[in-house]
Amino acid sequence: MAIPPTLILALLVGALHASLSLLLRGGLVRHLLVVLPGALVGAIVGTAFSLRIADPIRIGDVGLVWASAGAWAGILGALLVARIVQGRRARPT
């Protein structure tokens, strides 16, 4: 069973944006463990979304605009969840 090229390209877009977010934020490698899964899932969801809605920049079946927007939404969602969990751990009981 072969992996579809659409999935591989979506994962590459997610990894690229996760790396870019760490470069912009000056994050540590441990932040990559939080950001990367969110970016990968977001890029896959964005790619699925782009199959239904027109995208101005397409490579094969991957709409780069929607995949990038999904990756950034996943990154922001993962960072928000990490901040909430970290706040709950830091709060004394």
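The values are calculated or read from the model by the stated rules, or taken from the named source; none is laboratory data. It should be emphasised that the depicted structure is a prediction, and the values quoted were computed from it without experimental measurement. Glycine gets a Cβ as well: all are built from the backbone with ideal geometry, and neighbour counts include every protein chain shown. Remember, those area values only see protein heavy atoms, side chains included, never the ligands or the DNA or RNA. Shrake-Rupley method; radii C 1.70, N 1.55, O 1.52, S 1.80 Å.
Rolling a 1.4 Å probe over the protein heavy atoms gives the chain an accessible area of 69 Å² per residue. Taking a sphere under 15 Å around the Cβ of residue 64 and counting the other residues whose Cβ falls inside, with K and R at +1 and D and E at -1, yields a net charge of -1. The charge dipole of segment 38-93, taken about the Cα centre with unit charges on the Cβ atoms of Lys, Arg (+1) and Asp, Glu (-1), comes to about 440 debye, rounded to the nearest 20.
A DSSP coil position with no more than 16 other Cβ atoms inside 10 Å describes the following trypsin sites (Lys or Arg not before Pro) in segment 24-53: 52.
Here residue 34 sits with roughly 60 square angstrom of accessible surface, probe radius 1.4 Å.
The computed Cα extents along the principal axes in Å for the structure shown corresponds, within (i) 51, 31, 23; (ii) 61, 39, 30; (iii) 48, 28, 16, to (i).
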